[in-house]
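A short write-up of the structure that comes next.
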Amino acid sequence: MKMQCKTSRIVNTFLLLLFLGLTLSACGFSGLQDGFSRALMNQSDPETVREALPAYLVMTDAMIEADPKNIGRLSTGAELYSAFTTLFQHEPARARLLADRARSYGEQAFCLRAAVDCDLAKLDFMKFSEVLTTFDDDDVSVLLSYATGWLVWADTHRDDWAVVAGLPKVQAALERIVVLKENFRYGAAHNYLGILKSLRPPSLGGEPEEAMAHFERALELSDGRNLSARTDYAEYYARLIYDRKLHDRLLNEVLQMPAQAPELTLINSLAKRRARLLLDSAEDYF
């Protein structure tokens with residue numbers, strides 16, 4: 001057992017050095033970054049990703065430190081940390097630390113692109129909305145990395161008052177993506193908007209009808225291949241309005257459909273796990 005652990009550490013160290021060696025030039029980093037991202041999203045085993053990703057996260061941190069004003073690297077860092085946080089939901093303390101980094105990188109990328117003071121918490125909503133109008137089609141990845149980093153952070157810091165205060169800005173950023181390029185990442189912005197508008201019941205300002213429209217559009221834009229959209233639809237919307245029939249239909253569809261899909265395999269594999277858990281708990285919820 002000791003020999004296996006030692007060998008594992010040696011392999012991990014070798015891989016990290018290999019990553020660093022390949023990324024000494026900007027071109028090398030860009031090529032590895034793109035290739036790794038595709039390999040990550042096409043992986044069907046979340047545990048493999050969980051074991052392999054830490055070395056790449058450290059490498060990404062190093063590359064950002066070497067060029068802290070590189071918007072592309074910051075956006076990638078935000079997305080990678082957001083993805084990794086979802087794999088550690090069962091370890092709340094660690095998930096919060098990972099989410100902190102995801103939010104930080106996403107906000108830094110946003111502020112550099114917008115050329116504004118990076119304390120977004122103190123930027124009033126009107127000014128924030130004005131800044132959003134300066135973002136164009138080429139900036140949707142920055143907007144999405146900001147939004148996903150913030151949402152992951154919000155999910156791990158639910159008792160923080162800043163969650164409620166920041167929701168309108170995140171929603172505005174997602175709505176800007178819909179205006180600019182709604183099909184980006186298979187309609188991810190619509191999916192997140194569906195979640196946001198399902199967080200509260202109608203009596204408290206929730207917008208379930210709009211949430212449903214966003215989820216349906218996300219399914220349409222992904223041609224039904226993004227199983228996470230179905231799982232979110234069931235968990236956030238169907239449970240909000242206590243529609244057991246819709247809830248079970250969506251989740252059973254997730255379990256019956258294949259996980260393999262270009263750039264969606266990892267997300268779909270995680271969605272299948274969540275669908276099973278939601279179905280198992282449905283009797284207690286409804």
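The values are calculated or read from the model by the stated rules, or taken from the named source; none is laboratory data. The structure presented is a predicted model; accordingly, all values stated were derived computationally and were not measured. All Cβ positions, glycine included, derive from the backbone under ideal geometry; neighbour counts span all protein chains shown.
The table below lists the values:
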{"read-out": "For Ser145: the one exception among (1) of a type in the set (Gly, Ala, Ser); (2) crowded, with 17+ Cβ neighbours inside 10 Å; (3) free of Cβ contacts under 8 Å to residues at least 60 places away in the same chain", "value": "(3)"}
{"read-out": "Only one of Phe84, Phe88 that is among the aromatic types (Phe, Trp, Tyr) and not in a helix (DSSP H, G or I)", "value": "Phe88"}
{"read-out": "Filtered residues of the range 214-234 (kept if modelled with pLDDT under 95, touching a helix residue (DSSP H, G or I) at 6+ places or on another chain (Cβ under 7 Å) and either surrounded by fewer than 20 Cβ atoms within 10 Å (Cβ to Cβ) or over 23 Å from Pro46 (Cβ atoms) (or both))", "value": "none"}
{"read-out": "Residue among Asp119, Asp67, Asp124 that alone is without any contact (Cβ under 8 Å) to a residue 12 or more places away in the chain, more than 22 Å from Val178 (Cβ to Cβ) and touching a helix residue (DSSP H, G or I) at 6+ places or on another chain (Cβ under 8 Å)", "value": "Asp67"}
{"read-out": "Selection within the range 236-258 - closer than 9 Å to Ala275 by Cβ and of a type in the set (Val, Ile, Thr)", "value": "Val254"}
{"read-out": "Verdict on Asp160 being under 29 Å from Pro54 (Cα atoms) and in the same structural domain as Glu79 (by TED's automatic domain parsing)", "value": "yes"}
{"read-out": "Pair list, Cβ < 7 Å and 6+ apart or interchain, from the range 89-110 residues that are in contact (Cβ under 8 Å) with a residue 40 or more places away in the chain to residues that are outside any helix (DSSP H, G or I) and polar (S, T, N, Q)", "value": "Ala95/Gln89"}
{"read-out": "Candidate set from the range 199-213 (those that are farther than 15 Å from Glu175 by Cα and surrounded by 11 or more Cβ atoms within 10 Å (Cβ to Cβ)); member that is modelled with the highest pLDDT", "value": "Met212"}
{"read-out": "Val164 being assigned to a helix (DSSP H, G or I), modelled with pLDDT under 95 and surrounded by 22 or more Cβ atoms within 10 Å (Cβ to Cβ)", "value": "no"}
{"read-out": "Some residue of the range 237-244 being of a type in the set (Asp, Glu) and at pLDDT below 95", "value": "no"}
